[in-house]
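These notes are about the structure you will find just below.
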Amino acid sequence: MHYEVAQPAPAGIQTNKWAVLLIVALGVFMATIDSSIVNISLPTIAQFFHVALSGAVEWVIIAYLVIIAAVLLTVGRLADMIGRKPLWLAGLAVFTAGSAICGLAPSLGFLVAARAFQGLGGALLFAVSPAMLTGAFPAAERGRALGMNAVVVALGVSVGPTLGGLITQTLTWRWIFYVNVPIGIIASVATLFILKENRPSGHGRFDPAGAALLAVGLAALTAGLSFGQEIGWTSPLLLGDLALAVAALVALVFVEMRVRDPVIDLRLFKNRLFASANVSLTLSFLALFAVGFMMPFYFEELRGFSTLEAGLLLTPQALSIAIVAPISGSLADRFGTRWLAAGGLAIACAGTVLISLLTPTSSIFDIIWRLSLTGIGQALFQSPNNSALMGAAPRERQGVASGMLATGRVVGQSLSVAIAGAVFAGLGGASAGGILAARPQLPADQLAALQSTFITSFHWAFIVSAAIAAVGVLTSLTRGKGT
C-alpha cells in the first residue's frame, strides 16, 4: 500500500514519507503520553472521587489496557481489508472525543467507561501506525522509519510522568485528558487534507467468530494479569477468568485454521523470521517493562523522592531510546537485524542485572547510567526487531503484522507487571515499601530490616526480568543468518 501527499505539483517520495511520519508521530505521541500521564495522576483521581488507591480506581488504567488488547489484531485485519487511512481517522476521532469525555467525567464509573472508549481509539492508532510507516517508506529505509517512531514513543513515555505531575499540581487532573484534544484535532485535519491512500481492492471477508474469540481471550487474559496480585492468584474468580482466556484462545486456533480469511493468519508463523521477531518482541517487553513499573517504588518508597523527582529520574532511559533508536534502525537497513536485535537485548539484559544491584544509598549518577544503559540496549533491539517483523509479512498482510506487533507489546507489558509484581510482593517488598513510604520514626535496626527486605525483593524481581531477556536474546538469534 502506498501513501501520497496532496501537492499542487507532483511530490517526490522524500516529501511523502516525512509527511506520513509526522502525521503518525502526532497520533502515536498523543496515545503514548496518555498512558504514562494517567498513571502518575492516579492517586489524585482516587482522592478526588474519595476511593482507595487500590480497587475500583485501578480500572481507570485497566479498562484502557483491556480494550486495546482485545481489538488490536482485529483492527490490523480490517486495515488490510478497507485501508489504513479510514481506521487511522476513526482512531484519532475516538481518542480525541474520549479524552474530552474523560476530562468531563462526573463520577468514577463514568471515567472508567470513558477510558474504555478512549482505549478503542488507542487500539486503532497503535494497530495501524507501523503499517502506515512501512507503506510510506521503501523497504531499504524501513528500520529508519520504525526507529523514528520509537523516538516518538520514548518521548511520550519520558514526558508523561513529568508533564502529568506538573498539570495535576498546577491545574486539575482533568487537564491530563484535555491536553490530548488540540493534538488530536491537528492530527485529524492533517490526515484529512494531506494524506492520500490507494485503497486495497478486495482482501477477503471479515472473520466475526475469530474476532469475537480473540477479543474475549485477550481481554480476559489482560484483566486477569492486571488483577492477579490484588485478588490472589489462586482465587476462584481469577482462575475462572484465566480459564476463560485459555478456552477462548484455544478455540480461536481451531476456528482460524478452518476459515478462508482468518483475523489472525497463522500461516505467517511458518516464516521463521516473523515468528522469531514476534516472540522476541513479547519477551523484551515482558522483561523490560518491569523497569518503568518497579523503579517508582524504589524512588518514592525506599528513597523518599517526590513523584515529580521520580518522573525526572526515569527520563534518561527514555531519552537513551530516543537518541539510539533511529541510529539502530538505520544500521539495520544496512547490515541486517539479527545481531543488532540480539546484541541490543543482551545489553538491556545486563542493564537490568545492574539495576538490581542498586542500594538505599546509590548515587544519582549510579541510577542514571544503569537506566541509560538499559535504554540503549532496548533501542538497539527494538527498531531492528520491529523492522524484521514488518518486513517478514507480505504487503497485503501488513495490517495484521502491525496488529501483532502492538498486541505483543501490550501482552508483554501486562505479563511483566504480573510477574515482577508477584516476585516483589511475594518476597515482602510491597509490604516493606508501604511501611517505608509512610516515613515512620523507627529504630535503626527495624529500618535496616525493612530496607533489606525491600532491596532483596527488588533484586530478585529484576533478576527474573533479566532471565526473561536472556531467553529473548536466544530467540532473536534463531531468525537465521543474513536477516
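Some notes on this structure:
- Filter result (among the β-branched types (Val, Ile, Thr) and either closer than 27 Å to residue 300 by Cβ or surrounded by fewer than 16 Cβ atoms within 10 Å (Cβ to Cβ) (or both)) within the stretch 152-185: 153, 157, 159, 162, 167, 168, 170, 172, 176, 179, 185
- Whichever residue in the stretch 103-145 is over 18 Å from residue 183 (Cβ atoms), touching an Asp or Glu at 6+ places or on another chain (Cβ under 8 Å) and not hydrophobic (A, V, I, L, M, F, W, C) and, among such residues, is surrounded by the most Cβ atoms within 10 Å (Cβ to Cβ): 143
- Some residue of the stretch 194-201 being surrounded by fewer than 22 Cβ atoms within 10 Å (Cβ to Cβ), without any contact (Cβ under 8 Å) to a residue 60 or more places away in the chain and closer than 30 Å to residue 261 by Cα: yes
- Qualifying residues in the stretch 397-417 (those that are of a type in the set (Val, Ile, Thr) and closer than 21 Å to residue 262 by Cα) - the one surrounded by the fewest Cβ atoms within 10 Å (Cβ to Cβ): 411
- The residues of the stretch 20-39 that are surrounded by fewer than 24 Cβ atoms within 10 Å (Cβ to Cβ) and closer than 18 Å to residue 102 by Cβ, listed by number, are 29, 32, 35, 36, 38, 39.
- Considering the stretch 256-309, the residues that are in contact with a Ser or Thr (Cβ under 7 Å, 6 or more places away or on another chain) and among the aromatic types (Phe, Trp, Tyr) include one that is modelled with the highest pLDDT, namely 285.
- In the stretch 316-339, residue surrounded by the fewest Cβ atoms within 10 Å (Cβ to Cβ) [restricted to those that are among the aliphatic types (A, V, I, L, M) and farther than 16 Å from residue 145 by Cα]: 319
Each row is one residue, and each column tells you yes or no for (1) touching a helix residue (DSSP H, G or I) at 6+ places or on another chain (Cβ under 6 Å); (2) more than 23 Å from residue 305 (Cβ to Cβ).
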position: 392; (1), (2): yes, yes
position: 421; (1), (2): yes, no
position: 426; (1), (2): no, yes
position: 466; (1), (2): yes, yes
position: 469; (1), (2): yes, yes
position: 472; (1), (2): yes, yes
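- Filtered residues of the stretch 295-336 (kept if within 21 Å of residue 454 (Cβ to Cβ) and among the β-branched types (Val, Ile, Thr)): 307
- Qualifying residues in the stretch 224-242 (those that are within 17 Å of residue 66 (Cβ to Cβ) and among the hydrophobic types (A, V, I, L, M, F, W, C)) - the one surrounded by the most Cβ atoms within 10 Å (Cβ to Cβ): 225
- Checking the stretch 186-193 against the condition returns a match, with at least one residue being buried (at least 18 other Cβ atoms within 10 Å of the Cβ), of a type in the set (Ser, Thr, Tyr) and modelled with pLDDT of 80 or more.
- Residue check, residue 355 over 28 Å from residue 275 (Cα atoms), β-branched (Val, Ile, Thr) and in contact (Cβ under 8 Å) with a residue 60 or more places away in the chain: yes
- The number of residues in the stretch 323-338 being among the aliphatic types (A, V, I, L, M) and under 13 Å from residue 142 (Cα atoms) comes to 4.
- Here is the figure for the stretch 467-481: residues that are surrounded by 24 or more Cβ atoms within 10 Å (Cβ to Cβ) and over 20 Å from the mean Cα position of the chain (by Cα) total 1.
- Cβ-Cβ under 7 Å pairs, at least 6 apart or on other chains, the stretch 224-248 side more than 16 Å from residue 414 (Cβ to Cβ), far side modelled with pLDDT under 80: 237/231
- Among the conditions (1) closer than 30 Å to residue 245 by Cα; (2) of a type in the set (D, E, K, R); (3) outside any loop (DSSP other than H, G, I, E, B), the only one that residue 205 does not satisfy is (3).
- Residues of the stretch 224-238 that turn out to be part of a helix (DSSP H, G or I), within 19 Å of residue 417 (Cβ to Cβ) and at pLDDT 80 or above, as a count: 3
- Residues in the stretch 376-429 that are under 20 Å from residue 124 (Cβ atoms) and hydrophobic (A, V, I, L, M, F, W, C): 10 in all.
- Note on the stretch 263-272: among residues that are in contact (Cβ under 8 Å) with a residue 60 or more places away in the chain and more than 22 Å from the chain's Cα centre (by Cα), the one that is farthest from residue 400 (Cα to Cα) is 272.
- Number of the condition not met by residue 128 [criteria: (1) farther than 15 Å from residue 26 by Cα; (2) touching a Ser or Thr at 6+ places or on another chain (Cβ under 7 Å)]: (1)
- Picking from residues in the stretch 439-466 that are surrounded by fewer than 18 Cβ atoms within 10 Å (Cβ to Cβ), touching a residue at least 24 places away in the same chain (Cβ under 8 Å) and of a type outside the set (Val, Ile, Thr), the one that is farthest from residue 338 (Cα to Cα) is 439.
- Residue in the stretch 202-223 that is farthest from residue 72 (Cα to Cα), counting only those that are free of Cβ contacts under 8 Å to residues at least 24 places away in the same chain and over 25 Å from the mean Cα position of the chain (by Cα): 202
- The stretch 157-173 - residue that is under 19 Å from the mean Cα position of the chain (by Cα) and β-branched (Val, Ile, Thr) and, of those, nearest to residue 290 (Cα to Cα): 157
- Counting only residues that are polar (S, T, N, Q) and under 24 Å from the mean Cα position of the chain (by Cα), the stretch 224-247 holds 2 of them.
The values are calculated or read from the model by the stated rules, or taken from the named source; none is laboratory data. Every value quoted in this text rests on a predicted model; they were computed, and no experiment measured them. Cβ sites come from the backbone with ideal geometry, for glycine too, and all protein chains shown count toward neighbours.
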